[in-house]
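Colleague: One structure follows; several queries about it will come next.
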Amino acid sequence: MVAVLGADAINDKKFTAWGTRQRVLGLEFDSAVESVSMPPDKVEKARRLVAAAYLASHLSRKVYMSLMGSLRHVATCVRAARPFLQRLRIRESHLHRFQRVSITVDMKQDLLWWWLVLHTPHLNGVWMAYFNTLPPPDAVIEMDASDVGLCALDVSSSLALTYAFSQDELDRINEFKSGVANGFDINFRELLSCAFAVHTWGHRWSTLAVQGGRPHHVHFRIDNTSAVAWQKQNGVTKPSRSGDHSASQLVGDVILSPVLRISRLRVRKFSRRCRLPYTS
């Protein structure tokens, strides 16, 4: 182009300087650390919207849609916050033009978690290899639950984890079967297996991630599809059984170490009585 049109044919102002960190499509790409993160101004905007929504009793349709759009955008890079979109989306599919959205107690709880996540800087960022599609897992955990206890198997490492329910927990299971809406259904118990596995083996996975220089990808397999159906779309259009909300809170309450990448389920470190893993 320069040879044909001359030196003035190229406008240097139209080109960005070479660098390891660039903003593209509203996201910050860092080739040095191989991560994609949300710009600070976008995070600050989400904080303001969350704070305003938490203090309000009702939101207009415009404000509500602005809140959801901002949170979805932030969740592309702040993956730990995704489970907390569930109850905020309940009214979205039934929202009319001039309708106002009431801020329920459940919505306030999720907004509070969003506030905490947005003020935790190390959660902002996704490793580039995980941004679009997931690589093969480093560990596959098989899980199951029953009316008497939980178990998790890490076949590749020859580790097993078992937990027998206490009498109090057995009573809660029987109460649920009798019609008491205490949330201790099979979906909740299936997700407990995942939480116990992270609580017991999470430190070892984090150590392997540091040694390998990249996040450790852990894939959980569960035979109860209803326990994870809500996660596929990062939310539901309407509430289902009473235990689903409890299960979603369990899976998203406490944030994992940023060097771990949990696929299929995102779980928290759940501090309960459990047996140490043994070598089979």
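Colleague: Please arrange 71, 159 by how many other C-beta atoms lie within 10 Å of their C-beta, fewest to most. Numbers along the way, then the final one.
Modeller: Values: 71 24, 159 20.
Listed from fewest to most nearby Cβ atoms, that is 159, 71.
Colleague: Sort 70, 37, 102 so that the residue with the fewest other Cβ atoms within 10 Å of its own Cβ comes first and the one with the most comes last. Don't jump to the answer; show the numbers that get you there.
Modeller: Details: 70 18, 37 21, 102 11.
Fewest-to-most Cβ neighbours within 10 Å comes out as 102, 70, 37.
Colleague: Shifting gears a bit: Under the classification rounded if a/c is under 1.5, otherwise prolate if a/b is larger than b/c and oblate if not, where does the stretch 36-127 fall, given a ≥ b ≥ c as square roots of the Cα gyration tensor eigenvalues?
Modeller: Prolate.
Colleague: Aspartates and glutamates within cross-link reach of residue 177: Cα-Cα under 18 Å, excluding same-chain residues under 8 positions apart?
Modeller: Filter leaves 147, 168, 169, 185, 190, 244.
Colleague: Can you classify the stretch 98-234 as rounded, prolate or oblate using the Cα gyration tensor, where a ≥ b ≥ c are the square roots of its eigenvalues, rounded means a/c under 1.5, and otherwise it's prolate if a/b beats b/c and oblate if not? Before the final figure, lay out each step's value.
Modeller: Working: a/c = 2.06, a/b = 1.08, b/c = 1.90.
Note, shape of the stretch 98-234 comes out oblate.
Colleague: Also: So if each residue of separation counts as 0.36 nm, and I subtract the Cα-Cα distance between residue 223 and residue 155, what length gain in nm does that give? Don't jump to the answer; show the numbers that get you there.
Modeller: On the way: separation 68, 0.36 × 68 = 24.48 nm, distance 1.64 nm.
The residue 223-residue 155 span can extend by a further 22.8 nm.
Colleague: Sticking with this one: By counting other Cβ atoms within 10 Å of each Cβ, how are 216, 73, 122, 96 ranked from fewest to most? Please report the intermediate quantities before stating the final value.
Modeller: Details: 216 22, 73 16, 122 10, 96 7.
Least crowded to most crowded, the residues run 96, 122, 73, 216.
Colleague: In a shell of Cβ-Cβ distance under 15 Å around residue 174, excluding residue 174 itself, what net charge do Lys and Arg (+1) and Asp and Glu (-1) give?
Modeller: Around residue 174, the surrounding residues sum to -3.
Readers should treat all values here as calculations from the given coordinates under stated rules, not as data from a laboratory. For clarity, every value in this text was computed on a predicted model and none was experimentally measured. Every residue, glycine as well, gets a Cβ built from its backbone with ideal geometry; the counts of neighbours run over all protein chains shown.
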